[in-house]
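Written below as structure tokens is the structure these notes are about.
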Amino acid sequence: MNINIKIEDKKTYEFYNPKDTVEILYREILKKGIWKLNIKNNKEEKKDWWYESKNDFEKNINLLFSKFIPKSSLRNEEKENKDKYLQFIISELAKLEEKLINFNFIKERNQELTKILERYGYTKLSFEAICSWRLIIGLGGTHPQETSMTLHHVYGIPYIPGSAIKGVTRHWAILKFADHSVKEENEDFSEVLEKISKGLEKGENFDLTVDGITFIDLIQIFGTQKEIGKVIFMDAYPISKINLKIDIMNSHYPQYYLGKEPPADWQNPVPIKFLTIEKTKFQFYLLSHNRNLLSCAEKLLKEALREHGLGAKTSLGYGTFDMI
Amino acid sequence: MSEKETIITKLEKGRAEFAYNCVKEAIKFLDVRKKKEYRSYIRKIPQMILSNGLGQTLAFIYSKKEDGNAYDLIYKQFINYLKSDSPARIKIPTNENELIEWVISLDSYNYRYVTEELLAFLNWLKRFAEGMIEEEEE
């Protein structure tokens with residue numbers, strides 16, 4: 001009763017884009033509010049509000065996320081704005097997902113691509129993994145809202161870049177080999193870590209074998225400045241429904257982290273919201289001419305995904321995967 | 001061909017000179033901590049313009065600027081640059097002092113010009129800031 005859904009006036013939200021673009025954006029992105037009649041003073045009051053878009057126009061989520069950020073120009077709504085805008089991104093992605101039937105075309109394209117490479121003598125290895133809790137990649141990227149997320153430039157969906165997959169595998173391999181050689185030689189861990197990391201970079205051989213993987217295998221898998229790696233790490237795309245969730249980090253001692261004051265309980269926490277991917281299945285592809293290197297890389301990658309985690313905030317349990 | 005080159009060199013020299021003076025200004029007026037911030041912000045801004053657009057970036061700088069901090073100086077220097085003789089293609093009207101307001105009042109065509117112009121300027125600003133302000137040593 002007495003509830004009214006209104007399309008809010010253009011003046012209540014702004015875009016920082018060129019004038020002609022803004023005109024288009026105002027037509028596509030609407031701000032709507034729920035207004036309720038207060039019987040006591042017979043005035044309408046705003047209860048809630050959100051951003052909404054017209055259904056007949058597919059939007060690139062990446063552009064929406066990075067370039068078309070609407071900002072509420074009403075003082076009391078400003079704090080909520082980021083939350084509403086992230087919700088808008090989530091609902092737009094869900095709409096697009098429904099329309100494009102779970103982005104099946106991307107899965108098919110990747111299969112085609114790997115088939116072509118197989119024709120040229122590559123061996124393909126693929127497996128599926130589901131992130132056991134939450135995953136955030138590219139949190140530290142530049143973004144006016146200060147927390148970012150890597151979205152595909154063309155498809156606009158979250159994905160895991162091949163560089164991130166290769167990077168975490170390499171990092172895991174270095175940790176693993178350093179751990180092994182510390183146990184054998186009783187040296188300082190950080191020194192050994194640096195030695196092995198430099199060795200892998202320059203392609204110097206240490207006479208090490210861990211779990212049947214030799215150091216030469218590592219050099220060949222990842223490559224050096226002079227020679228390219230012999231295993232291809234492909235981008236990983238989601239193959240199940242993409243669950244985007246709004247997450248929050250809350251610095252309790254903001255002044256302390258700015259280096260201005262000692263940590264104390266009278267400082268107000270500052271909640272910062274960001275996007276994460278939750279319990280979503282991804283398809284990983286590895287390709288190589290050499291079957292032995294391929295299985296070594298697979299072993300290392302699976303371990304890294306299970307034990308170390310991908311992306312940001314891995315120390316808090318983000319980004320770990322279960323193999324299927 | 002040679003004439004075209006001279007125009008480009010002239011332009012780039014103008015930008016370089018302006019950027020050099022801007023960094024000198026920053027060194028003179030900012031304290032040690034803010035100088036380092038200036039350096040790191042200048043390094044960060046071009047990337048932000050490319051991934052998020054000029055309007056969003058300026059809105060971000062605008063929201064962060066407070067009297068006398070590094071973002072404030074950067075914002076002012078952008079306005080001064082766009083008012084000077086250095087930019088080739090587009091200039092901000094002399095009575096306009098809110099860069100962000102002006103930028104979002106442009107159409108896409110001119111918006112792109114301003115973006116290109118500021119990126120070209122930042123290219124020099126970045127070089128001088130990196131060279132003239134020392135990196136944190138710890």
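Things worth noting here:
- Note on region A:38-67: residues that are open to solvent by 60 Å² or more (accessible area, probe 1.4 Å), farther than 16 Å from residue A:13 by Cβ and in contact with a strand residue (DSSP E or B) (Cβ under 7 Å, 6 or more places away or on another chain) total 3.
- Listed by position, the helices (runs of 4 or more DSSP H) enclosed by region B:1-116 that each have at least 3 residues that are more than 22 Å from residue A:146 (Cα to Cα) are B:2-29, B:70-83.
- No other residue among A:91, A:53, A:66, A:73 is small (Gly, Ala, Ser), more than 21 Å from residue B:49 (Cα to Cα) and within 14 Å of chain B (Cβ to nearest Cβ) apart from A:73.
- Qualifying residue in region A:150-169 (condition: buried (at least 20 other Cβ atoms within 10 Å of the Cβ), over 30 Å from residue A:86 (Cβ atoms) and modelled with pLDDT of 90 or more): yes
- Candidate set from region A:1-34 (those that are closer than 23 Å to residue A:76 by Cβ and among the charged types (D, E, K, R)); member that is farthest from the other protein chains (Cβ to nearest Cβ): A:6
- Residues in region A:92-115 that are of a type outside the set (D, E, K, R) and farther than 15 Å from residue A:158 by Cβ: A:101, A:104, A:105, A:110, A:111, A:113, A:114.
- At least 2 residues being without any contact (Cβ under 8 Å) to a residue 24 or more places away in the chain and either among the basic types (Lys, Arg) or surrounded by fewer than 17 Cβ atoms within 10 Å (Cβ to Cβ) (or both) is the threshold, and among the strands (runs of 3 or more DSSP E) wholly inside region A:221-324 those reaching it are A:244-251, A:270-278.
- Cross-chain or 6+ apart pairs with Cβ under 6 Å, region A:23-36 first and of a type in the set (Asp, Glu), then part of a strand (DSSP E or B): A:28/A:53
- For residue A:111: the one exception among (1) over 30 Å from residue A:51 (Cα atoms); (2) open to solvent by less than 70 Å² (accessible area, probe 1.4 Å); (3) over 20 Å from the mean Cα position of the chain (by Cα): (2)
- Strands (runs of 3 or more DSSP E) fully within region A:1-68 counting 3 or more residues that are under 15 Å from residue A:81 (Cβ atoms): A:29-38, A:43-53
- Scanning region A:73-103 for residues that are under 18 Å from residue A:271 (Cα atoms) and either modelled with pLDDT of 85 or more or part of a loop (DSSP other than H, G, I, E, B) (or both) yields A:78, A:79, A:80, A:81, A:82, A:83, A:84, A:85, A:86, A:87.
- Failed condition for residue B:103, given (1) within 14 Å of chain A (Cβ to nearest Cβ); (2) open to solvent by 20 Å² or more (accessible area, probe 1.4 Å): (2)
- Residues within region B:114-138 that are open to solvent by less than 70 Å² (accessible area, probe 1.4 Å) and either without any contact (Cβ under 8 Å) to a residue 12 or more places away in the chain or within 11 Å of chain A (Cβ to nearest Cβ) (or both), tallied: 3
- Single unsatisfied condition, residue B:78 versus (1) under 26 Å from residue B:11 (Cα atoms); (2) over 13 Å from the mean Cα position of the chain (by Cα); (3) more than 14 Å from chain A (Cβ to nearest Cβ); (4) open to solvent by less than 20 Å² (accessible area, probe 1.4 Å): (2)
- Scanning region B:19-73 for residues that are among the acidic types (Asp, Glu) and under 30 Å from residue A:62 (Cβ atoms) yields one hit, B:37.
The values are calculated or read from the model by the stated rules, or taken from the named source; none is laboratory data. Computed from a predicted structure; not experimentally measured. Cβ: placed from backbone, ideal geometry, glycine included. Neighbour counts: every protein chain shown. Just the protein is used for accessible areas: all its heavy atoms, side chains included, with ligands, DNA and RNA removed. Shrake-Rupley method; radii C 1.70, N 1.55, O 1.52, S 1.80 Å.
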